[in-house]
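Participant: Handing you a structure now.
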Amino acid sequence: MALEIRAYDLILKKRNGSALSADEIKYLLEGYVQGAIPDYQISALAMAIYFRGMNENEVFYLTEAMINSGEAISLEDIPGIKVDKHSSGGVGDKTTLVLVPLVSAAGVPIAKLSGHGLGHTGGTLDKLESIPGFRTDLSVAELITGVKNTGAVISGQTENLVPADKMLYALRDVTATVDSIPLIAASIMSKKLAAGADRLVLDVKCGSGAFIKDYEQAFDLARLMTGIGQHAGRETVALITSMEQPLGRAVGNALEVKEAIMTLRGEGPPDLEELCMILGGWMLALSGKAADPEEGKAVLKDLINSGAALAKFREVIENQHGCGAVIDDSTLLPCAEKQVMVKAETDGFAARLEAEQIGIAAMALGAGRETKDSRLDPAVGITLEKKIGDRVEKGDTLAVIHARNDTSAALLSSTEDRIISACRFQDKPPVKTKLIMGVVDRRGR
Ligand code: URA
């Protein structure tokens with residue numbers, strides 16, 4: 001007679017540093033989703049994984065068990081090589097808004113599933129929902145028809161996509177086990193693989209504004225995620241990119257849509273443009289539409305110069321019932337009544353601009369969610385007039401706070417203080433950190 005597996009024994013096994021088998025991981029995850037294994041045992045397991053880690057095979061098994069907890073999406077009916085991108089989240093990160101229409105304009109079909117934001121980093125869906133009428137709750141059938149007709153769709157995750165991740169993430173969030181590399185890798189990759197694309201480009205953010213602050217950890221995560229992708233037969237490339245300062249100048253939902261439109265017009269901030277060109281170049285190379293990322297970049301530049309990328313964004317917006325006229329007239333986007341200039345108190349070169357602090361300041365104004373139930377204001381946020389490396393004279397405007405007429409004086413003042421304390425100045429120009437810190441491709445480099 002076969003011995004019965006017990007969750008207790010498997011927790012003990014992981015706690016003592018041994019690897020779990022595919023069947024054991026499947027048993028734990030299925031039991032959890034079906035309610036047979038309680039929260040407290042899975043919390044203990046998550047903590048054991050946090051301290052003991054997981055080998056590559058265990059992470060593959062976990063990812064697979066998570067995908068099997070729900071219904072994966074099949075994009076097989078859509079002709080062509082489907083490419084997806086993912087960012088691990090940062091302040092001012094509006095790359096999806098630029099990349100999806102841009103890469104789609106090159107003929108790559110994209111079915112992008114995104115999320116709402118929580119905490120100091122914004123969510124792509126929140127940004128898109130600032131466009132009047134824009135729908136982010138498409139069904140799978142609408143998603144597929146949208147990609148067939150328009151070439152690209154950006155929508156929310158379907159209810160039954162990796163339900164195990166929703167449950168496990170909520171538990172990790174309250175048990176101090178979010179920042180475990182194997183758990184993050186399985187969480188992100190289960191959702192990406194279940195979303196059905198053939199090839200993946202991952203943007204692993206690293207720095208003060210990201211939840212991974214350290215390069216070695218970012219590299220481990222990038223290597224593990226590309227390994228999961230290859231193991232599943234989906235070619236995956238990960239770029240490790242700097243999140244020391246906000247990306248671009250705008251932080252706040254409608255402000256970021258406006259900046260994405262400017263970037264698609266060829267008038268965006270240099271760092272955002274550079275990142276989009278590099279990630280997009282890789283997307284084109286993986287899709288076979290370019291021989292390599294450099295050639296991909298050249299194709300994308302032409303699509304911006306010809307206006308094709310911007311026209312594609314209008315199509316994507318209109319396909320999802322949004323007001324496409326925002327492309328030509330940004331006053332149709334929500335706009336805050338009050339602009340408050342934050343002035344520099346000293347001279348020097350901007351040497352630090354802590355992304356996390358700027359993100360928290362924008363969140364406090366209403367641009368982000370402190371808790372899942374917080375209400376967002378799409379119009380508010382912060383625009384940065386100075387970025388790292390810029391020369392600043394005392395009295396120059398460092399940033400502009402976009403607030404409502406009824407925003408309290410106390411909130412305006414604390415926002416201003418937070419922005420000022422996020423900035424550091426020095427006499428000499430700082431050594432700039434590279435925006436692209438590393439690339440991990442199929443060879444694991
Ligand atoms: N993003 C995810 O989707 N999952 C994690 O675990 C962390 C970041």
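Participant: For the range 413-435, name all the residues that are buried (at least 16 other Cβ atoms within 10 Å of the Cβ) and under 19 Å from ASP377 (Cα atoms).
Facilitator: Residues satisfying the conditions are THR415, GLU416.
Participant: Scan the range 88-114 for residues that are small (Gly, Ala, Ser), touching a helix residue (DSSP H, G or I) at 6+ places or on another chain (Cβ under 6 Å) and within 18 Å of LEU193 (Cα to Cα) and report the count. Even if it seems obvious, please write down each step before you answer.
Facilitator: Restricting attention to the range 88-114, the residues satisfying the condition of being small (Gly, Ala, Ser) are 88-90, 92, 104-107, 111, 114.
Next, from what is left, pick out any that are touching a helix residue (DSSP H, G or I) at 6+ places or on another chain (Cβ under 6 Å): 104-106, 111, 114.
If we keep only those that are within 18 Å of LEU193 (Cα to Cα) as well, we get 111, 114.
The qualifying residues number 2.
Participant: Name the pairs whose Cβ atoms lie under 6 Å apart, with the first residue in the range 240-258 and over 18 Å from PRO334 (Cβ atoms), the second among the aromatic types (Phe, Trp, Tyr) and at pLDDT below 95, and 6 or more positions between them or separate chains?
Facilitator: none
Participant: Within the range 278-290, is even one residue of a type in the set (A, V, I, L, M) and not in a helix (DSSP H, G or I)?
Facilitator: Yes - at least one qualifying residue is present in the range 278-290.
Participant: Looking at (1) touching a strand residue (DSSP E or B) at 6+ places or on another chain (Cβ under 9 Å); (2) assigned to a loop (DSSP other than H, G, I, E, B); (3) more than 10 Å from the ligand (Cβ to nearest atom), can you tell me which one ILE154 breaks?
Facilitator: Only one criterion in (1) touching a strand residue (DSSP E or B) at 6+ places or on another chain (Cβ under 9 Å); (2) assigned to a loop (DSSP other than H, G, I, E, B); (3) more than 10 Å from the ligand (Cβ to nearest atom) is unmet by ILE154, namely (2).
Participant: Where residues in the range 179-238 are among the charged types (D, E, K, R) and closer than 22 Å to THR158 by Cβ, which of them is surrounded by the fewest Cβ atoms within 10 Å (Cβ to Cβ)?
Facilitator: Looking at residues that are among the charged types (D, E, K, R) and closer than 22 Å to THR158 by Cβ, I get ASP198.
Participant: Among the residues in the range 41-50, are any of a type in the set (S, T, N, Q), part of a helix (DSSP H, G or I) and either closer than 17 Å to LEU171 by Cβ or at pLDDT 95 or above (or both)?
Facilitator: yes
Participant: Still on this model: Is there any pair linking a residue in the range 171-199 that is on the phi > 0 side of the Ramachandran plot and assigned by TED's automatic domain parsing to the domain that holds VAL147 to one that is more than 8 Å from the ligand (Cβ to nearest atom) and in a loop (DSSP other than H, G, I, E, B), with Cβ under 6 Å and at least six apart or on different chains, and which?
Facilitator: Close Cβ pairs satisfying both conditions: GLY196/ILE73; GLY196/SER74; GLY196/LEU75.
Participant: Right, next: If I go through the range 113-125 residue by residue, how many of them are at pLDDT 95 or above and either surrounded by fewer than 23 Cβ atoms within 10 Å (Cβ to Cβ) or more than 25 Å from ALA72 (Cα to Cα) (or both)?
Facilitator: Looking only at that region, the number is 1.
Participant: How many residues does the range 126-153 hold that are more than 14 Å from GLY324 (Cα to Cα) and buried (at least 16 other Cβ atoms within 10 Å of the Cβ)?
Facilitator: So the answer is 13.
Participant: Let me ask you something else. Run ALA170 past the list (1) surrounded by 23 or more Cβ atoms within 10 Å (Cβ to Cβ); (2) within 13 Å of the ligand (Cβ to nearest atom); (3) in a helix (DSSP H, G or I) and report the number of the one that doesn't hold.
Facilitator: Here ALA170 meets the rest and fails (1).
The values are calculated or read from the model by the stated rules, or taken from the named source; none is laboratory data. On a predicted model such as this, the values are computed, not experimentally measured, just so you know. Cβ: placed from backbone, ideal geometry, glycine included. Neighbour counts: every protein chain shown.
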